[in-house]
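Have a look at the structure below, then the notes.
The values are calculated or read from the model by the stated rules, or taken from the named source; none is laboratory data. The structure presented is a predicted model; accordingly, all values stated were derived computationally and were not measured. Here the Cβ is made from the backbone with ideal geometry for all residues, glycine too, and neighbour counts use every protein chain on show. Surface accessibility is based on the protein's heavy atoms, side chains included, excluding ligands, DNA and RNA. Shrake-Rupley method; radii C 1.70, N 1.55, O 1.52, S 1.80 Å.
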Amino acid sequence: MSVIETGGIRVEKVVTSGTFSLDGGTWDVDNNVWIIGNDDECVVIDAAHQGEPILDAVGDRRLLAVLCTHAHDDHISAVGEVYDATQAPSYLHPADRELWDRVYDEVGPDRELADGDRIDVAGVTLEVLHTPGHAPGACCFYAPTLGVVLTGDTLFQGGPGATGRSFSDFPTIIESIKTRLLTLPPETVVLTGHGDSTTIGDEAPHLQEWLDRGH
């Protein structure tokens with residue numbers, strides 16, 4: 001399903017299902033996997049749960065990279081399967097390496113993400129925004145020419161991602177959202193790691209509410 005299509009560039013959404021485990025608990029979750037590209041090449045944002053539906057959506061296109069918004073197990077559990085099929089390198093911020101190692105203890109991500117990096121695909125540039133809080137290495141990917149930002153679990157419709165478990169911090173995620181995301185144009189579409197999309201303009205007025213409730 002194409003969520004956004006402009007000038008031959010498509011942003012497609014694949015929903016996969018599985019579990020998320022941390023701090024001794026396990027929960028059933030549905031994840032949004034995003035694919036950005038054209039008929040020739042693409043990137044995947046968050047290879048979650050099952051590789052097969054992701055690979056089916058990629059099809060015969062050249063997969064340039066798997067970009068990880070963070071390394072919670074539900075977001076990276078299909079990275080290995082996708083790599084085996086495509087040899088596409090995985091990108092992850094190094095601050096999330098400890099979480100990555102809990103899933104892939106014998107092999108690391110292929111490349112490191114850093115704030116300010118630019119990743120090109122099909123004539124579109126994705127800007128890397130380091131947005132810690134939900135996880136230390138959490139990153140968002142902003143495509144200004146498409147008017148979208150892919151936020152993983154940093155910002156959802158209705159507020160910040162969860163910060164009640166290990167490796168997370170509420171003041172840090174608020175600072176990330178306030179300084180890195182709410183400063184984007186209000187019409188920017190927020191493509192999230194779970195659930196429905198939103199816009200920066202729809203979320204920005206609620207910052208004080210999030211601060212008041214503390215999550």
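Tally up the residues in the stretch 117-135 that are open to solvent by 40 Å² or more (accessible area, probe 1.4 Å) and not β-branched (Val, Ile, Thr), please.
Of the residues in that region, 6 qualify.
Can you confirm whether the stretch 78-91 contains a residue that is open to solvent by less than 30 Å² (accessible area, probe 1.4 Å), in contact with a helix residue (DSSP H, G or I) (Cβ under 8 Å, 6 or more places away or on another chain), hydroxyl-bearing (Ser, Thr, Tyr) and farther than 24 Å from Glu127 by Cα?
no
I need a count of the residues in the stretch 8-33 that are over 19 Å from Leu150 (Cβ atoms), of a type outside the set (S, T, N, Q) and touching a Ser or Thr at 6+ places or on another chain (Cβ under 9 Å).
5
Quick one: Asp153 ticks every box in (1) of a type in the set (Asp, Glu); (2) within 24 Å of Trp34 (Cα to Cα); (3) open to solvent by 50 Å² or more (accessible area, probe 1.4 Å) except a single one, so which number is it?
Only one criterion is unmet by Asp153, namely (3).
Would you mind stating whether Glu12 is over 27 Å from Val189 (Cα atoms) and either open to solvent by 30 Å² or more (accessible area, probe 1.4 Å) or assigned to a strand (DSSP E or B) (or both)?
No: the conditions fail for Glu12.
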